[in-house]
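Just so it is clear, none of the values below were taken in a lab; they were calculated from the coordinates. Note that the structure is predicted; figures quoted are calculated from it, not measured. Here Cβ is always computed from backbone atoms with ideal geometry, including for glycine, and neighbour counts include all displayed protein chains.
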Amino acid sequence: MKILKTMLNPLRHALMLLLIIPFSSSFAQNQEMNKSLDKIVETTFHVKDFNVWKPLFMKDSLLRKQNGIQTIVISSQVGHPHKMMNVGTVADVEKARASMKDPAFLERIKMRGVSNPKAEFYQVIRFNPDSKETKWAIMTHKVKDFDAWIIGFDKGKPMRDSAGLIDVVVARNIDDPSIVQVVCDITDMEKAKAFMNSPILKEKMKQAGVISTPRIEYYESRE
């Protein structure tokens, strides 16, 4: 019996490690993602030929890193595959902004079939690292008082959940903090669109202090 106990003790210890390590690793990874998603840049543009543009874009990854930009999302608007939106983390907003206004950069992307580029910089307030869907609803609008608005926003979570929308990002525009952007995973496109266009949502937004007509767009991953 003593021999059996001696053999089982190390086995129990090994099993406990197998149970603990994956959880700990996952938690650490999520914490790291949460820390890294601080400031972001969203770049929207039209592309003439996605299959020509993407390989050339990927080749520029080192140049983007040198300018403090790390691409995390490549997407296009649902139903409009030539209207793109890329998202990247930003280490230095002013350095990134300058690089995207550089005449050589603008000429290079023009030669690759890119037109109407526009960059917006955001400070991430909340981020859900468990995001896993490949389609998103993105709502952008102005608010009178952010602190009052987010209370109303939180109260609306059960409605978003039932409409197939999972909160992923809440962010404020760096150049105009009254501009708020909400990004949600979509698990049911039909229900999500119906909710986004519903009178009840418009009324709830008004009560929360939204003071502009919201811009609602739907994007899907192109990675």
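Look at Ile216, Ile151, Ile69 and count the other Cβ atoms within 10 Å of each Cβ; fewest to most, that gives Ile151, Ile216, Ile69.
Take every Cα pair under 8 Å whose residues are at least 6 apart in sequence, average their separation, divide by the length of the stretch 125-221, and the relative contact order is 46 percent. Working note: Karplus 6.51/-1.76/1.60 with θ = phi - 60° gives the stretch 113-126 the couplings x, 8, 9, 6, x, 9, 10, 10, 9, 10, 9, 6, 9, 9 Hz, where Gly and Pro are set to x. The phi torsions of the stretch 83-89, fed into the Karplus equation with coefficients 6.51, -1.76 and 1.60 and a -60° offset, translate into couplings of 9, 9, 9, 10, 10, x, 6 Hz, rounded to whole numbers, with Gly and Pro shown as x. The residues Tyr122, Tyr218, when put in order of fewest to most other Cβ atoms within 10 Å, stand as Tyr218, Tyr122. At a temperature of 4 °C and a viscosity of 1.567 mPa s, determine how fast the stretch 38-124 diffuses translationally according to Stokes-Einstein, using the Kirkwood radius over alpha-carbon pairs as Rh; express D in µm²/s, rounded to the nearest whole number. It comes out at roughly 99 µm²/s. Report, please, the projected area of the stretch 71-223 averaged over directions, based on the convex hull of its C-alpha atoms, in nm². The Cα convex hull of the stretch 71-223, projected and averaged over all directions, gives 9.6 nm².
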